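Report on the following structure.
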Amino acid sequence: MQQSTSSHISTLSLIYSSYSCLHYNVYAGCLQNSARAYSVVPAPRDSKEKEMMHRMLRVDHAGEYGANRIYAGQMAVLGRSRTGPLIQQMWDQEKKHLSKFNEILAENRVRPTALLPLWNLAGFALGASTALLGKEGAMACTVAVEESISEHYNSQIRALMESDPERYTELLQVIKEFRDDEMDHHDTGLEHDAESLPGYWLLKNAIQLGCKAAIYVSQRV
Ligand SMILES: [Fe+2]
Ligand SMILES: [Fe+2]
């Protein structure tokens, strides 16, 4: 009886130790994952760097969020047209950009802009209304927005390079990759007759003025 009790105890302790080992491995795996995830943005050195990083990440997230809503609006109007698959292709890339920034914001506890509900509506309205002008309207909107986002990313790249390129290597990699995608979207718009829209320059300038304002407030609010 005593032997059976002790064998029970040793079986139980074996089960417990394998469970805690499994538990530990899962925990260690999580730690490893979070360490890997955190590596895109370095832990802030001081409150000044933290504030700078948060503003930067907040506005990038807002931009990708807005871009997603613009493509959603374009697809609502032109989704079934011949241009649908092309717009969908760009939208799919924007979804990846947004999910990356969602991840980065969550990992670094960065508050998204309070204006997301506004960008939700404004983005969709901009995408849908320009798409109502036809394929050229949608492409003109794409050229305007993507040029603004590329310039915005370029200015961030310059700032990070001037500050400390080694410290921000991984973040720079992400931003450069996204900037290249945005440039491709911009070029796609031009290749698909954006400039043939009557009033193209007027529309482009108006949209870019809106983008500048959106960037300005999204950093701050
Ligand atoms: Fe994007
Ligand atoms: Fe884009």
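Let me know the shape class of the range 102-176, please: from the alpha-carbon gyration tensor, a ≥ b ≥ c as square roots of the eigenvalues, rounded when a/c is under 1.5, otherwise prolate if a/b is greater than b/c, or oblate.
Oblate is the answer for the range 102-176, as a/c is 1.5 or above yet b/c matches or exceeds a/b.
For residue 167, neighbours were defined as the other residues whose beta-carbon sits under 11 Å from its Cβ, and their charges (Lys and Arg +1, Asp and Glu -1) total -3. Note on residue 95: lysines with a C-alpha under 28 Å away, same-chain residues under 8 apart excluded, are 50, 135, 176, 204, 212. Spin-label model, residue 109 to residue 183: label points 7 Å out along the Cα-to-beta-carbon direction sit 3.7 nm apart. By the count of other C-beta atoms within 10 Å, a proxy for reagent exposure, 87, 70, 157 are ordered fewest to most as 157, 87, 70. For the range 42-56, putting each phi into the Karplus relation 6.51 cos²θ - 1.76 cosθ + 1.60 with θ = phi - 60° gives couplings of x, 4, x, 6, 8, 5, 5, 5, 4, 5, 4, 5, 4, 4, 5 Hz, in residue order, rounded to whole numbers and with x for Gly and Pro.
With +1 on the Cβ of every Lys and Arg and -1 on the Cβ of every Asp and Glu, and nothing else charged, how large is the dipole of the range 81-221 about its Cα centre, in debye rounded to the nearest 20?
Values: 14 positive and 21 negative charges, 131 e Å.
Its charge dipole is roughly 620 debye.
Read-outs throughout are calculated quantities, based only on the coordinates presented, and are distinct from any laboratory measurement. These figures come from a predicted structure and were not determined experimentally. Don't worry about glycine lacking a Cβ; one is built from the backbone with ideal geometry, like all the others, and counts go over all protein chains shown.
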